[in-house]
1. In square nanometres and to one decimal, what's the mean projected area of the convex hull around the Cα atoms of the chain?
2. Residue by residue through segment 224-235, which ³J(HN,Hα) values in whole Hz follow from phi under the Karplus form 6.51 cos²θ - 1.76 cosθ + 1.60 (θ = phi - 60°), with glycine and proline marked x?
3. In terms of Cα to Cα distance under 25 Å, which lysines are near enough to Lys169, apart from those fewer than 8 places away along the same chain?
4. Which residues does the label zone of Met140 cover in segment 214-245, counting backbone N under 12 Å from a point 7 Å along Cα→Cβ?
5. Using a cut-off of 27 Å between alpha-carbon atoms, which lysines can reach Lys33, once sequence neighbours fewer than 8 places away in the same chain are excluded?
6. Near Gly204, within a Cβ-to-Cβ distance under 13 Å, what is the net charge of the other residues, with Lys and Arg +1 and Asp and Glu -1?
7. What ranking do 194-207, 88-101 get when scored by the average of other Cβ atoms within 10 Å per residue, highest first?
8. So if I place +1 on the C-beta of Lys and Arg and -1 on the C-beta of Asp and Glu, and nothing else carries charge, what would the dipole magnitude of the chain be about its Cα centre? I want it in debye, nearest 20.
Amino acid sequence: ICVPTTAGSSADVSQFAIITDTARKVKIAIVSKTLVPDAALIDPLTTTTMSAELTAETGMDALSHAMEAFASNANGPLTDLLALDAMRLVRTNLPKAIAAPDDLEARGGMMLGSMEAGLAFSNAILGAVHAMAHSLGGYMDLPHGLCNAILLPHVVDRNFQSAPERYMKAAEALGCAARTPDAARVELGKTLMDLNREVGMDKGLAELGVTRESLRALAEKAAQDPCLTTNPAELSVEDIEAIYERALG
């Protein structure tokens, strides 16, 4: 039985566990149906004591789960429904949950969004955002949700041309009005940046201590992450290094 106390990791419904190997400075993903609990008790009251920072970090993790599952090359009709609704719920409720920690309606919306995103990515898997965030977490012990928030706009921009119809639907779910791929690409990137700013996650990797000298090692580790397998665009080590560089800020 699993009782989640954050609205983000989706450990209560997913088949993933992440182990940090501190000796090798890498995060390792364990994937197995046996990791899925027999029952998950979802109660938004358990999340009301989270700080604003933790609420934002876990919330942006949930949004990253939803967006990566939707764009994944292993997507399906059921995961699409869950991922799109999760995007809407996070966009609507995350700022409210940060502003009013005891707002159970907003907290409940975040819990539902996290659960739906977890069910989506547990089946459709993830992409480059998580591969790169795992590398940052393992190598530099940086907060996972914050890394996801910083990387998401840059990865989406790089992936867009490989799945334009998918990202246009994601943009619509997040409230964008653009109707052409080029306009949607710009508006979606701005929306994600604006959301980061709204929830206090508008940082660059350089502020977290990441240097240009470390980017190659980070990219090489990210390139070996299994999450990269389902990324809509095929990325080389050089591609990943370039995304990290853009995310330095």
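1. 12.1
2. Once θ is set to phi - 60°, the couplings for segment 224-235 become 9, 6, x, 4, 5, 4, 9, 5, x, 10, 7, 10 Hz.
3. Cα-Cα hits under 25 Å: Lys96, Lys190.
4. Only 214-219, 244-245 pass the distance filter.
5. Output for Lys33: Lys25, Lys221.
6. Within the 13 Å Cβ shell, the charges total +1.
7. 88-101, 194-207
8. Result for the chain is approximately 220 debye, rounded to the nearest 20.
Just so you know, all these numbers are worked out from the coordinates, no wet-lab data involved. Computed from a prediction, not measured in an experiment: that's the story for all the values here. Using ideal geometry, Cβ is built from the backbone for each residue, glycine included, and neighbour counts are taken over all protein chains shown.
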